[in-house]
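The values are calculated or read from the model by the stated rules, or taken from the named source; none is laboratory data. Source: prediction; values computed, not measured. Note: ideal-geometry Cβ built from the backbone for every residue, glycine included; neighbour counts use all protein chains shown. Accessible surface areas use protein heavy atoms only, side chains included; no ligands, DNA or RNA. Shrake-Rupley method; radii C 1.70, N 1.55, O 1.52, S 1.80 Å.
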Amino acid sequence: MADPTNPTPDADRPDSAGEYTEADYTRDLSTAVSLDGDVVGTGGLPERFEDPGLPPHQPRMSDLDEAAATRAERQVATLFGISIIGTLGFLVAYFAVPVESRMFFPGLGSTVSTSNFLLGVTMGLSLLGIGAGAVHWAKTLMPDEEAVEERHPMRSEEDDRAQFGEIMLGGAEDAGLTRRPLLKYAMGGALGLFALPMVVQVVGSLGPLDRPWRRLEHTFWDGEEGPDGTREFTRPRLVRDPQNTPIRPEEVTIGSAYHVQPEGLFDLDPHHQLEAKAKASVLLMRLHPDDFVSEKARDWGYEGIVAYSKICTHVGCPVGLYEQHTHHLLCPCHQSTFDVTDDCKVIFGPAKRPLPQLKITVDDEGYLVADQPFEEPVGPSYWERERR
Amino acid sequence: MSETTASRPAAALRADDKPIERAPQGAVGKLGGVAGWVDDRTRAAKGVNYLLRKVFPDHWSFMLGEIAMYSLIVCLLTGAFLTFWFVPSMGQTVYDGSYIPLQGVVMSEAYASTLDISFDIKGGLLIRQIHHWAALMFIVSLSVHMMRVFFTGAFRKPRELNWVIGTVLALLAIVEGFAGYSLPDDLLSGTGLRAMQGFILTVPVIGSYIAYALFGGDFPGEMIIPRLYAAHVLLIPAILVGLFIVHVTMVAVNKHTQYPGPGKTNDNVVGYRVMPVYAAKAGGFFFLVFGLTALIAAFAQINAIWVHGPYDPSAVTAGAQPDWYMWFSDGALRLLPGWIEFTVFGFTFSPNIAIGSIILLPLVYTVLGAYPFVERWITGDDREHHLLDRPRNAPTRTGVGMAAITGYTVLALACVNDIIAIKLGMSINDLTRFFRVAVFLLPILVFWITKRICLGLQRHDRELVLHGRETGTVIRTPEGRFFERHEDLDPYTRWRLVSFDTYRPIELEPATDANGLVRKGARKDRLRAALSRFYFTDQIHPVTPAELAAAHHDGHGHEALEGAAEEEYPEQIGADR
Amino acid sequence: MNALAARRRHPAAIALLLMLALVVTGGLYAAFAPKPAAAAAVTADQVAQGKALFQANCASCHGLNGEGNEAEVGGELRSFGPSLVGAGAAAVHFQMETGRMPLANPGVQAQRVSKIKFEQEEIDSIAAWVATLGPGPARPDEEWLDWEGSGDAGRGGTIYRSNCAMCHSSAGAGGALTRGKYAPSLEGVEPVHIYEAMLTGPQNMPVFNDTNLTPEDKRDVIAYVKQMHAVGNPGGLGLGGFGPAAEALFAWVFGLSIMIGTAVWLGQKGA
């Protein structure tokens, strides 16, 4: 059997032993072939090399040596054995280890769930044992001579293709599809329409269809939605989120940031609370009145206390990251940055519009209240946003 | 079908091969009873025999698709387990499970049941972690499998259809992943849904209608989790599994591709039969993939939903990332500048959001799916290809692929800009600006570098064929010159390096006909010719026997050593150009 | 009682009542006012020592009398060290006990340093002196740090997610802010320092004074952070609390490697 690492000498080699003779060393090197170029003419040689065919088969240790084969057999059996042990271990771990037990494992710390760890490791072993056993078996003991399968062009025989065309066209002809166009169009129409009831049923009932975007225009600051969909503005107090307590201006010291909701929001049932929060969340900050660049921002506030919608005008994440010295508000989702001193204009990132400001003042009892609801829809842009 | 290689029936090449043994007729053996009973009723023996005797080539890169397939199966198995405990409801409840920091907190039943699975159900955490790790590994391996198919040209005729199916599978996989990621209703996944609502709102004309339909009313409403649940456990898996069966069936129908090599032709498949070798290997591999995933789940925690707390639209967490397969889209959102939003006639267009989400996501997968047809148009090659390209032998395609991966990666990294900033102590603003430039420049740079590397490797291959392998033996000639002896490649090794096809760039036909009229489709042809030049002008051709003979004749069996020799024979390579 | 009633017109009664009123008021004040708790134990010596230490170690940035150091640079007013008037003892303790001050090197923000350059006694005296510059937040009472005894983690978690998680991340792993600034990790931070950080708003962190988050609120937040971290990572390797980012890295690097490694082993010809 030929050894591929020591190939049989090529026919076109200068010397049949494959060794270079002294003459080879003294050849004229000046007419070397270009690496990229073509050699002009083939000199009677074929255009391409010939496929030498499959290299000679290399027998494995286990093919030649029965001892090696027995060793491989034992290894495979051991792997399957590991799997069995793993499975048994899993059962033990499942029944013996309580779910709340914690353990230490080097590198993982001391809070590892014993149950999770042991179940995972034993389950892993139980599976890996089978897998490794099967593969090792295939590699060492199953035949490793490659088989060769012929390929045939994917396209069907011409006859079959022709026949197919005949059958289809003939069938259509026999059914009268071509002779009776009325049937063709009637069937087409029926088939084209039959799915509509299902589509309409689903699409029509998924959500509100009557200008749902109207609902994006209002927040809980406008007042609670009545049964007829109207809202009455009642100058709600600003309350702490989640403590639900009203805020006095003197409590908001410079540098403070209060997360705020409209009073009454926390009285909603938990489900409506979330929907209301998704639009009504507000961040209250106090700056030195001299820090404002925008007159309007200061005027809509109260002694340097300003309230802005916390819902990002990009895609609606809460913009809660307030830097008290730079007066920047950063959205953690896509890094839109708003300048509080300049009426929350966007100074960086993918948002376009400033955060809407909530005009605030104090009520008779000295608590901060909304002087008017948001003047524009809060949150992300939508098609009909400007159409109010 | 054309003969791309000088093929001989490879099976007949080796005299010492054992003939493939057919099972003796009528000897079904011990199983005869059952197997016979089934066959009496199904006539299955012939078909099953065909399948059992099918040949699959063996190569690690052909297992990438299998990793994906097995990860999907692991997801299906563990997912079924999770449905027994998970409550897909946004109804609010007060948590009273064993995770102390959330006791007494109002949360959705979906979130509470996920906490129960994680803390109170034995093995629940493990299955949840296997499910999530397997989902990540599914999409990781699927992506790498796609890269393998792309770079080796396995998408060419007759496999374009299967490539398209694979692309649809990849897209479905990420939709399925996103739906699953959203189900626990924790703060992180809820934020993801919040962003999704923002994306949908930007759809012109019907955006708000879709958003309200999807969420069944105001965000977050009470419907999205049950609806995503139906999609996640029923709708998408059904399509996914159906398409994936078609995908695998098509692999069997087309017969697997193989890497070029001695004895491997466009007309055969060289490998192992399903019974017993491939069945043992592929079957065993399922257990290996499952077992490794279980071990990963034992050692590494994934998606600790309990730290996030229940979803609340007024709260958010720093480091808000989706799972990795959505990064490129989310990253694009972070890079897009806000000023491109505009209003016309009172209608708002938000390309700053739409481009990165509702446009980019389908666009990427459409471009991927269309690539085989584009390349086929450029090459005009209508042959069937069952022999794979070595990536270096298709330098431009490899470059284009690497450029695409680079662009994707830059977008994906942009999505973790805050994590990179905090880990490397950099400014998030600088990083974002860098990524904004890099997403355009880096792909071009990487294309150029990759193509150069490929051409370099091809030249190296040529050199190896022409000049043989360095033996390390230095020989002194009688004149006192030193040479290293080179040994010719053995024909098997050489065949691997010379058995590839090259294309000639398409010649442009005159744009005007004999009468001076502009020919129909001339513009399209010009584009095609330009692309063809882009792909094939500077390609390197395989060594021909004549070139090898010339090299031997010209004494390239060895190479001069030392500077002196080189000076004496300057430019020995390419000297006759 | 009669004896007492009989003596209510005693000349000393007025004085006694006054004394009593003073004591009660003082006591109530001591109990309820935002008192500098440590100040009770402050001696004049300590304040003097604190001033000396301050002037030797801190004055180059904060000014000899803690008035801060601002200068015009290129037409722009830049602060090289903020005024400490009204900063209070809590701020000094937080900054110095976590090693943020004295500032090791100028950067976008002061970083936590494990090696503390001052003795506890020295920090206390500097704090005592700074507290004399103007009314400011004092160190919290032990009562508000007793998260194990009376903290309500569930309630604290709700407050944490609304007020803290957007910067420090829900896992308390920290997060990035603009232009290289960041919110640090809360892992392993002393309860008193968490409290003082909320109270004083170091660097760019907003101030959460006792009317914004009451001492109970702060204690509950501490309880939440501590209990969450005590639960740790039951699922195994915590991957730094960075969620999908770390998980993706793990899946791509480690997961993919072992899978491909296995595939390579499987595809290799048996020996």
Practice item. Please report the orientation-averaged projected area of chain A, defined via the convex hull of its C-alpha atoms, in nm². Key: 47.9
Point to revise | 1.4 Å probe, heavy atoms, protein only - residues of the range A:105-125 losing at least 50 Å² accessible area vs chain alone | key: A:Leu108, A:Thr111, A:Asn116, A:Met123
Exercise for review: Mind checking which of A:Cys312, A:Ile347, A:Pro373 is farthest towards the positive end of chain A's charge dipole, using Cβ charges of +1 (Lys, Arg) and -1 (Asp, Glu) about the Cα centre?
Suggested key: A:Pro373
Review point. In what sequence, highest mean first, do A:79-92, B:154-167 appear when ranked by Cβ atoms within 10 angstrom?
Key: B:154-167, A:79-92
Point to revise | Residue-by-residue Karplus 3J(HN,Hα) for the range C:48-65, coefficients 6.51, -1.76, 1.60, Hz, glycine and proline x | key: 5, 5, x, 4, 5, 4, 4, 5, 7, 10, 10, 5, 4, 9, 9, x, 4, 10
Check your understanding: Looking at A:His136, C:Val231, C:Leu64, which one has the Cα that reaches farthest to the positive end of the dipole of the protein assembly as shown (charges on Cβ: Lys, Arg +1; Asp, Glu -1)?
Key -> C:Val231
Revision key, fill the gap. Phi angles of the range A:57-71, converted by Karplus (6.51 cos²θ - 1.76 cosθ + 1.60, θ = phi - 60°) into ³J(HN,Hα) in whole Hz with x for Gly and Pro, give 6, 9, x, 8, 3, 6, 7, 8, 10, 4, 5, 5, 5, 5, 4
Check your understanding: What is the packing order of peptides B:245-258, A:98-111, B:289-302, B:70-83, taking the mean over residues of other C-beta atoms within 10 Å and listing the highest first?
Key -> B:289-302, B:70-83, B:245-258, A:98-111
Exercise for review: Starting from the Cα coordinates of the range C:42-139, work out the convex hull volume and express it per residue in Å³.
Suggested key: 97
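Rounded to the nearest percent, how much of the accessible area of chain A (1.4 Å probe, protein heavy atoms only) is carbon and sulfur?
Carbon and sulfur: 58 percent of the exposed surface of chain A.
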Review point. In Å, the Kirkwood hydrodynamic radius of the protein assembly as shown over pairs of distinct alpha carbons?
Key: 35.9
Check your understanding: Around A:Ser256, which amide H atoms from residues at least 5 apart in sequence, or from another chain, sit under 5 Å from its own amide H, with H modelled in the peptide plane?
Key -> A:Arg286, C:Val207
Point to revise | Nearest-0.05 FRET efficiency for B:Leu235 and A:Glu386, computed from C-beta distance (R0 35 Å) | key: 0.45
Exercise for review: Count, for each residue of B:258-271, the Cβ atoms from other chains sitting within 10 Å of its Cβ, then give me the mean as a whole number.
Suggested key: 4
Point to revise | Table column - 3J(HN,Hα) (Hz), the range A:343-349, Karplus curve with 6.51, -1.76, 1.60, x for Gly and Pro | key: 6, 6, 5, 6, 10, 7, x
Practice item. Report the label-to-label distance for A:Glu295 and C:Glu143 in nanometres (one decimal), using points 7 Å from each Cα along the Cα→Cβ vector. Key: 5.0
**Study point:** Nearest 10 degrees, 0 to 90: helix B:360-379 Cα axis against chain B principal axis
**Key:** 20
Point to revise | Nearest-ten-degree value, helix B:187-201 long axis tilted from longest Cα axis of chain B | key: 80
Study note, to complete from the structure: Mean 1/r over distinct Cα pairs of the range C:141-261, inverted to a Kirkwood Rh in Å, yields 15.6
Check your understanding: Setting aside same-chain residues fewer than 8 positions from B:Lys46, which lysines have a Cα under 21 Å from its Cα?
Key -> B:Lys30, B:Lys54, B:Lys255
Study note, to complete from the structure: P(r) of the range B:59-389 over all Cα-Cα pairs, 20 Å bins starting at 0, rounded to whole percent, reads 27, 52, 19, 1
Exercise for review: Using the 2.2 N^0.38 Å rule of thumb for compact globular proteins, work out how chain B stacks up: its C-alpha Rg over that value, please.
Suggested key: 1.20
Revision key, fill the gap. Taking A:52-60, C:178-186 and ranking on average Cβ neighbours within 10 Å, highest first, one gets C:178-186, A:52-60
**Study point:** Heavy atoms of B:Arg128: accessible area, 1.4 Å probe, square angstrom to 10
**Key:** 20
Revision key, fill the gap. Taking N as the residue count of the range A:215-370, its alpha carbon Rg divided by 2.2 N^0.38 Å gives 0.99
Check your understanding: Based on the Cβ-Cβ distance from C:Ser150 to A:His325, what FRET efficiency comes out when R0 is 35 Å, to the nearest 0.05?
Key -> 0.55
Point to revise | Peptide-level mean, for A:91-103, of C-beta atoms on other protein chains within 10 Å | key: 2
Study note, to complete from the structure: With R₀ set to 35 angstrom, the calculated FRET efficiency between the beta-carbons of C:Phe80 and A:Glu365, to the nearest 0.05, is 0.20
Check your understanding: Taking amide hydrogens as modeled 1.01 Å from N in the peptide plane, which residues meet the under 5 Å criterion relative to B:Ala300, leaving out close sequence neighbours?
Key -> C:Leu237
Revision key, fill the gap. Two pseudo-spin positions, 7 Å from Cα along C-beta at A:Tyr94 and at C:Thr214, lie apart in nanometres by 5.0
Check your understanding: At a 1.4 Å probe, what is the % contribution of carbon and sulfur to the accessible area of the range B:284-412?
Key -> 78
Check your understanding: Of B:Lys451/B:Lys520; B:Lys157/C:Lys269; A:Lys359/C:Lys226, which sit over 32 Å apart, Cα to Cα?
Key -> B:Lys451/B:Lys520; A:Lys359/C:Lys226
Practice item. Give the dimensionless ratio obtained when the Cα radius of gyration of the range A:61-140 is divided by 2.2 N^0.38 Å. Key: 1.45
Point to revise | B:Arg43 versus B:Glu470: modelled label distance in nm, points set 7 Å from Cα along the beta carbon direction | key: 6.5
Review point. Summed for both chains, how many Å² of accessible area, to the nearest 100, are buried between C and B with a 1.4 Å probe?
Key: 4500
**Study point:** Angle in degrees between helix B:124-151 and the longest Cα principal axis of chain B, rounded to the nearest 10
**Key:** 30
Revision key, fill the gap. In the range C:141-261 the accessible area split gives carbon plus sulfur, as whole percent at 1.4 Å, a share of 59
**Study point:** Area hidden from solvent between B and A (accessible, protein heavy atoms only, 1.4 Å, total, Å²)
**Key:** 12800
